[in-house]
Amino acid sequence: MRTTTPCPMSRELVGFALHALEPADELAVQHHVAGCAECTAALPDYQSLLAALGRAIPEARPPADLRARILDRAAPPTTAGPRPHPPVRPVRPTVLPRHGVARRRPRRPRRLVGTVLAVACAIAVGGLAGAAVDRTGSTLDRAVAAVATPGDARSTLHDEAGTAVAAVVAGDGTTRLVVAALPANDATNSVYVLWGIGSGQPRPLGTFDARSAGTQVVTLAADPGAVGYAVSLEPGRAAPTTPSRVVASGQV
Amino acid sequence: MSAGPGPLTEEDLLDALAAGDRSALAGLYDRYGRQAWALARRICADDAHAEDAVQEAFLAVWRGAARFDATRGRVGTWVMTLVHHKAVDLVRREEGVRRRTTTLDEQQPLPAAPGADGAALASVTAAAVRRALAALPEEQRHALSLAYFGGYTQREVASLTDSPLGTVKSRMFAGLARLRTALGPVLAEGDLR
């Protein structure tokens, strides 16, 4: 550690490296690190230490087919660098076909921004209309499995209570946000915004409205440089330049 | 790179990954897969979830290799960080698969000999890590173990240990600082993998 006055966030950086902060705190530290040379320099050291803890566990032989499954899912990279962000604009719900649950269904060309697939949760995702309600986690898992294709990156977003309320599935030039448990917003005077978190300021990837029930899949702009995502609830109907109230976040 | 069991240096590996060379991904898995699997299984205590965590982590490396800044850390650290975070996310998502609270120092024997891949250096490093952990004050070791291996947030650790949140943060901060002091020289060599 340095002998000069330490950054006031240095204690929080430990929690961040441990992935042990509450979502809002994690996001705040993520923002801070992007602009703090001291924390940017210190984070890899913490990560290296913690990785050493992980490596101190006696090695174990993974399942024999895990290697092949990973290689099978490794689609050729589609980009080697950040892309410009499409303009953000509100999206409108449509309904996901009842049989749109196959994991490997061909991916149709999508607009970068503008498509929302509202999923009648248990019906579309699990084919279990009327069945007992799943916990948010497994509902979310199944919804993610329904929309993800091999090679997609998946990030779970947790609310302040630590509940998994949404997930980001990124790949093929789009970011799809699976919303499982966000409170419905008043669509006349508020809107949710998905933010990509990387270096610099958070980037708004699109706006959406959360319904009172059911799982939604919202297709928004891609952010190839994102190391995390956050959802904020904003007054008005447009994305501001910075998030005002973050309700969920997670790392890539 | 002076160390590395494979024929490729880290830079070579990253370049090949960024270029979409799947054999590089295979090489990365061969190099880190066993460690990744051990960590994921420790955190998840469930093989299916551990597989998901390892799979997602390696695919994240595959997709992100072109953007990885090698000046800010090593590939192995990146892999293990991703595995850890993915595994923690999975156990937090699944309350039914509640995290194990095992600690590295209390329940796992030291590896008696280098692993099957002959990674003697790794074994030495692992032993040093265990000694350093064992030397921590109990409350620091417990707090770090609950967070890292149990996947608990600091707030949850505070509740589990009946301690103020600020105290938990301070314990983790102090514990990592001590580990850093104890392991810095070891990791300077041992982390070159």
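The values are calculated or read from the model by the stated rules, or taken from the named source; none is laboratory data. The model shown is predicted, which means the values in this text are computed figures rather than measured ones. For neighbour counting, all protein chains shown are included, and Cβ atoms are generated from backbone atoms with ideal geometry for every residue, glycine included.
Residues of region B:12-37 being at the interface with chain A (Cβ under 7 Å from one of its Cβ atoms), touching a helix residue (DSSP H, G or I) at 6+ places or on another chain (Cβ under 8 Å), under 26 Å from A:Pro58 (Cα atoms) and not polar (S, T, N, Q), which ones?
First pass over region B:12-37, keeping only residues at the interface with chain A (Cβ under 7 Å from one of its Cβ atoms): B:18, B:20, B:22, B:25-26, B:29, B:33-35, B:37.
Subsequent filtering for residues that are touching a helix residue (DSSP H, G or I) at 6+ places or on another chain (Cβ under 8 Å) retains B:18, B:22, B:25-26, B:29, B:33, B:35, B:37.
Keeping just the survivors that are under 26 Å from A:Pro58 (Cα atoms) gives B:25-26, B:29, B:33, B:35, B:37.
B:Leu25, B:Ala26, B:Tyr29, B:Gly33, B:Trp37 - these are the residues of region B:12-37 that are at the interface with chain A (Cβ under 7 Å from one of its Cβ atoms), touching a helix residue (DSSP H, G or I) at 6+ places or on another chain (Cβ under 8 Å), under 26 Å from A:Pro58 (Cα atoms) and not polar (S, T, N, Q).
Determine whether A:Arg176 is surrounded by fewer than 21 Cβ atoms within 10 Å (Cβ to Cβ), away from chain B (no Cβ under 14 Å) and modelled with pLDDT of 70 or more.
Details: surrounded by fewer than 21 Cβ atoms within 10 Å (Cβ to Cβ): no; away from chain B (no Cβ under 14 Å): yes; modelled with pLDDT of 70 or more: yes.
No: the conditions fail for A:Arg176.
Let me confirm something: among A:Arg55, A:Arg61, which residue is within 8 Å of chain B (Cβ to nearest Cβ), without any contact (Cβ under 8 Å) to a residue 60 or more places away in the chain and surrounded by fewer than 17 Cβ atoms within 10 Å (Cβ to Cβ)?
On the way: A:Arg55 fails: surrounded by fewer than 17 Cβ atoms within 10 Å (Cβ to Cβ).
When all the criteria are applied, what remains is A:Arg61.
Filter region A:206-238 down to the residues that are over 12 Å from the mean Cα position of the chain (by Cα) and outside any strand (DSSP E or B) and list them by number.
Passing the criteria: A:Asp209, A:Ala210, A:Arg211, A:Ser212, A:Ala213, A:Gly214, A:Pro224, A:Gly225, A:Gly236, A:Arg237, A:Ala238.
Which helices (runs of 4 or more DSSP H) does region A:1-76 wholly contain that include 3 or more residues that are of a type in the set (S, T, N, Q)? If you could, list the steps in order and put the result at the bottom.
Numbers: elements: A:10-17, A:23-35, A:37-55, A:66-73.
Passing ranges, in order: A:37-55.
Conditions tested, residue by residue: (1) at pLDDT below 90; (2) among the acidic types (Asp, Glu); (3) in contact with a strand residue (DSSP E or B) (Cβ under 6 Å, 6 or more places away or on another chain).
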position	(1), (2), (3)
A:Ala60	yes, no, no
A:Leu71	no, no, no
A:Arg83	yes, no, no
A:Pro86	yes, no, yes
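Answer yes or no: is there a residue in region B:66-77 that is among the aromatic types (Phe, Trp, Tyr), closer than 23 Å to A:Ala42 by Cβ and at the interface with another protein chain (Cβ under 10 Å from one of its Cβ atoms). It would help to see each step written out before you state the result.
Our first condition is that a residue be among the aromatic types (Phe, Trp, Tyr); within region B:66-77, this holds for B:68.
Still in the running and closer than 23 Å to A:Ala42 by Cβ: B:68.
Still in the running and at the interface with another protein chain (Cβ under 10 Å from one of its Cβ atoms): none.
No: zero hits.
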